[in-house]
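Just so it is clear, none of the values below were taken in a lab; they were calculated from the coordinates. Since the model is a prediction, treat every value here as computed from it, not as a measurement.
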Amino acid sequence: MATPAALVPHIVLPRLELLSDARTRGAECVWGGERLTGETAIDLGVHTDNGFNWFPRACRRCTRSAVRAARDTHPARCTDCKGPTALCDTRQALHELLLELRR
Ligand SMILES: [Zn+2]
Ligand SMILES: [Zn+2]
């Protein structure tokens, strides 16, 4: 399963320098360190830090918590969200992704 690329920048990842080699390669969940297989891994795209490319992936449970945190903290930092009844497309997309991850 792939995370929509447009949403990845809104999801907070651990700092690169704190991660093991296996986590930067996507062999283990970037948050919890669970072993991943092609079937269970959620692809978080390619990231570049100071010219170093890394490829985080994650398990569904950790992705769900990270997406939930992103969804809940987003409106306070977003200038396009105009209060609880007028949330922007990004906030809506984060919410839909969270529902998808619950299945
Ligand atoms: Zn995990
Ligand atoms: Zn917003």
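Look at the alpha carbon pairs under 8 Å that are at least 6 residues apart: their mean separation over the length of segment 8-102 gives a relative contact order of 23 percent. Over segment 8-102, the hull volume per residue, using the convex hull of the C-alpha atoms, is 104 Å³. You can think of it this way: the chain between Arg15 and Arg103 has 28.8 nm of extra reach, that is 0.36 nm per residue less the Cα-Cα gap. Calculated [222 nm] ellipticity per residue, helices only, for the chain: -11000 deg cm²/dmol; basis is -39500 (n - 2.57) per DSSP H run with n ≥ 4, divided by all residues, nearest 500.
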